[in-house]
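Below: one structure, written as structure tokens.
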Amino acid sequence: MTELRELTDAATAADPRAGLRAVRALGRLLEHLERTQVDRARAAGWSWQEIADVLGVSRQAVHKKHARR
């Protein structure tokens, strides 16, 4: 939790270099969390449409992004 707090602080820092690095790191974390949860939803029998609805994207978008793995 401390690392997340540090990233959040850095993302809002006055130093653009620190802020941009934190934004990049948070983006990687977000992608990892999304992959993990999509995998869990699919393993639980969720349809692509159900996942898309929760993520607020189209079925096609979520399928294109995650179906190949």
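Which parts of segment 3-33 would a label at Arg40 reach, counting a residue when its backbone N lies under 15 Å from a point 7 Å out along Cα-to-Cβ?
30-33
Probe of 1.4 angstrom, ligands and nucleic acids ignored: what's the accessible area per residue over the chain, in square angstrom?
Value for the chain: 78 Å² per residue.
Please report the accessible area of Asp15 (heavy atoms, 1.4 Å probe, ligands and nucleic acids excluded) in Å², nearest 10.
Ignoring ligands and nucleic acids, Asp15 comes out at about 80 Å².
Per-residue ellipticity at 222 nm for the chain, helices alone: DSSP H runs ≥ 4 residues times -39500 (n - 2.57), over residue total, nearest 500 deg cm²/dmol?
Values: 4 runs with 54 residues, N = 69.
Here the helix-only value at 222 nm equals -25000 deg cm²/dmol.
May I ask you to derive the FRET efficiency for Arg68 and Ala14 from their Cβ-Cβ distance with R0 = 30 Å, giving the value to the nearest 0.05? Intermediate results must be reported in sequence, preceding the final value.
Details: r = 40 Å, r/R0 = 1.35.
That pair, Arg68 with Ala14, gives E of 0.15.
Leu33: net charge of surrounding residues, Cβ under 13 Å, Lys/Arg +1, Asp/Glu -1, itself excluded? List each step's numbers first, then the result.
Numbers: positive: Arg28, Arg35, Arg40; negative: Glu31, Glu34, Asp39.
Cβ neighbours under 13 Å give a net charge of 0.
Let me see the P(r) profile for the chain: every Cα-Cα distance counted, bins of 10 Å, each bin given as a percent of all pairs.
19, 38, 23, 19, 1
Leaving out ligands, DNA and RNA, and with a 1.4 Å probe, what % of the accessible surface on the chain is carbon or sulfur?
Working: 3020 of 5410 Å².
Here it works out to 56 percent.
Would you tell me the accessible area of His63, worked out with a 1.4 angstrom probe on the heavy atoms of the protein chains, in Å² to the nearest 10?
The value for His63 is about 80 Å².
The values are calculated or read from the model by the stated rules, or taken from the named source; none is laboratory data. Every value quoted in this text rests on a predicted model; they were computed, and no experiment measured them. Cβ coordinates were reconstructed from backbone atoms using ideal geometry, including for glycine residues, and neighbour counts include every protein chain displayed. Calculation scope for accessible area: heavy atoms of the full protein, side chains included, ligands and nucleic acids excluded. Shrake-Rupley method; radii C 1.70, N 1.55, O 1.52, S 1.80 Å.
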